[in-house]
Each structure stands twice: as C-alpha cells, then as structure tokens.
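Working notes, structure below.
The values are calculated or read from the model by the stated rules, or taken from the named source; none is laboratory data. What you are looking at is a predicted structure, and each value in this text was computed from that prediction instead of being measured. Ideal geometry is used to build each Cβ from the backbone, glycine not excepted, and the neighbour counts take in all protein chains shown.
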Amino acid sequence: FIIPEFQEFSKNIEEIYWKCKENTNGKVASYIPQLKRMSPDYWGVSIVTIDGQRFSLGDVNIPFTIQSCSKPLSYGIALDLLGADVVHTYVGQEPSGRNFNELILDHNKKPHNPMINAGAIIICSLLKTMYSPEMSSAEKFDFTMNFFERLAGNEDLGFNNAVFLSERECADRNYALGFYMKEHKCFPQHTKFGECMDFYFQCCSLEANCDLVSVMAATLANGGICPISEEKVLKPESVRDVLSLMHSCGMYDYSGQFAFKVGLPAKSGVSGAMLVVVPNVMGMCLYSPPLDALGNSCRGVQFCEELVKKFNFHRYDNL
Ligand code: GLN
C-alpha cells in the first residue's frame, strides 16, 4: 500500500479534523441566496489514495455545487482533446495576482490562466466549439458532465438548477469579463457568446459531495487513471499541466502563499469546497462553507497547513 499504516494515518487525519472544526472564522458566500443558505457548521474531509484506500469524516454526503473546482476539470478535458499548444494560444499560465473575477487580461490580452473566471470562460468556449458541430448544447453538456463523472469513478453528479439560474442572474461581472474578452478577440471562432456563458454557469452548478470530489482528486493524483474504476480518463501529460496550474494559480490570490506553505496543487470554490492533490499518493476533498477574505475555505486551508506539519507531503519536503 502507498500508505502502509493507514489506520494510524487516519487517526492523525481525525485529530486534524477536530482541531479545524473549532475554527469558526470566515463567512459563507452570500452573492446568491442558494449559497448563503449553507450551514457554516458543515465540515467534511474525504481521502482516497491512488491504490483505493478511503477515509471520510464529517459532512461528506452533503451535496454542494462544485463552482470553481470545475475549472481544473474542464481545463483537463480541453487539454486532453485539443493538446496544450492549442489551448494555450487562448489562455496563459501566469498567476494574475488579482481577484478571481477581476476585469483584467495579461500583456497579450489573453486571460492569465484557466483557474480564474476569465480563463475558465475561455476554456468553456473552447470545449463548446471543439465538440462536433452536430452536437446540440444538451449533448455538449452531457458529454462534459459524463467526463466529470468518469473522473469521479462513474458516480452520478447532480445539477443544481436553482444555483444555475441565480448564477446567471447575478453575473454582471462575469458578463463584463466576457464582453471585455470579446472586445479583445479572445474567443475561438464560431463562439456563441450567450451559450458559452451559460455553459460556464452550468459547470459551476454541477453538484457533488465531498466523497465524490475526493475521487476526482485521486484520479489527478494517479496521473489520470481513476483508482476506483481503474479507467484511464485523462492523459498523464494533461494531468501534469492541470496540476502545475493548480499549484501556481488554484487558490485565488492566496496561491503563492499556499504553494509556499503547503506545497500541493489545490483548487478552491466559493461553495467552500477544496480539491487537493498529493501527487502519486492521494486525493482529498475538504468541504466547509465559511470563506476567508480571499475566497478560500477557512477550515480547508487550515487543514492543509496542519497536514503538512504532520506529514512530509509538501512538494519540497523530501530533499
Ligand atoms: N460561480 C462563481 C463565479 O463565477 C464561481 C467562482 C468561484 O468559485 N470562485 O463567480
């Protein structure tokens, strides 16, 4: 086994879990009522190793929308189907150093990276235009959702229509980003602007739980092969690129500090979910709605910081 003393390991995880449970910092996202309603007390931790050992604790079956945790996944699909060269003619690889929804492009007038809203909207437009033109919007959505489900070991994902409708209604900033990019010709040819924006909101509104997302993280940890279904879902070179950008850009404007202190590729979302990868070891999902000022789950970040104090998971621990 990749973690031989799994019982002992789980006991340590449990200790960290309870320690973080006491953390009552942060505020639940309130830009739409459907998120505001989530209990600040929810706290779940799920772990799946690359050889399929599992440990879950707390609120691991509560459904939540994956929000920005969808960004590395859609980026992964785009890489797999189009290759990195094509994808990166449309989007950069640089941390933006700004908020995730800031109205800003890089020096080449491209979005900085696929982990922030502007970049993720472009990835959605790429997915939309590269799927065969005979496919309807519904089929494109189904295809994408099915890809996400395969990453999760063929578990069923949900779709939260109320969140989707609210996202679309409260999306002035995302539309502004979209139009700003349209002005600068960032979109691939034949993009249907409105459909592309909807597709972005739909990806954010996919519903999962902590257990399910931890399997997705484990698939990334395992180079694209799902440890539960043993299906090869993504190419290893796609996963390498996904993890690289999660490492440098996955935690909003805390990404630099997170890379320094924790040293693991991760992606957070406004629902309070965090998808964390320990490459070649395991995937984790941490779920707790209260967010810090930068938009990351307070308990989630604390958990990661405690985890690397206890175990040498930081990328540069084993020198
Ligand atoms: N739906 C959110 C938005 O586009 C997702 C962003 C996030 O999770 N940070 O604003």
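One table, with the values for the structure above:
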{"read-out": "Condition met for Ala152 (out of contact with any Pro (no Cβ under 7 Å at 6 or more places or on another chain), of a type in the set (A, V, I, L, M) and farther than 17 Å from Ser68 by Cα)", "value": "no"}
{"read-out": "Any pair with Cβ under 7 angstrom, 6 or more apart, that starts in the range 165-192 at a residue that is over 17 Å from Leu126 (Cα atoms) and ends at one that is of a type in the set (Gly, Ala, Ser) and within 10 Å of the ligand (Cβ to nearest atom)", "value": "Glu167/Ser205"}
{"read-out": "Some residue of the range 272-295 being modelled with pLDDT of 95 or more, polar (S, T, N, Q) and within 14 Å of the ligand (Cβ to nearest atom)", "value": "no"}
{"read-out": "Residue satisfying condition, being within 16 Å of the ligand (Cβ to nearest atom), hydrophobic (A, V, I, L, M, F, W, C), out of contact with any helix residue (DSSP H, G or I) (no Cβ under 6 Å at 6 or more places or on another chain) and within 27 Å of His314 (Cα to Cα), within set Phe179, Phe258", "value": "Phe258"}
{"read-out": "Residue check for Cys226: more than 20 Å from Lys267 (Cβ to Cβ), more than 12 Å from the ligand (Cβ to nearest atom) and surrounded by 18 or more Cβ atoms within 10 Å (Cβ to Cβ)", "value": "no"}
{"read-out": "Residues being part of a strand (DSSP E or B) and within 25 Å of Arg37 (Cβ to Cβ) - total across the range 244-283", "value": "5"}
{"read-out": "All positions within the range 182-202 that are under 16 Å from Met130 (Cβ atoms), more than 16 Å from the ligand (Cβ to nearest atom) and not aromatic (Phe, Trp, Tyr)", "value": "Cys186, Pro188, Gln189, His190, Thr191, Lys192, Glu195"}
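Every residue, every condition in (1) within 16 Å of the ligand (Cβ to nearest atom); (2) free of Cβ contacts under 8 Å to residues at least 60 places away in the same chain, yes or no:
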position: Lys11; (1), (2): no, yes
position: Ala29; (1), (2): yes, no
position: Val45; (1), (2): no, no
position: Gly52; (1), (2): no, no
position: Val60; (1), (2): no, no
position: Ile77; (1), (2): no, no
position: Leu81; (1), (2): no, yes
position: Leu105; (1), (2): no, no
position: Asn108; (1), (2): no, yes
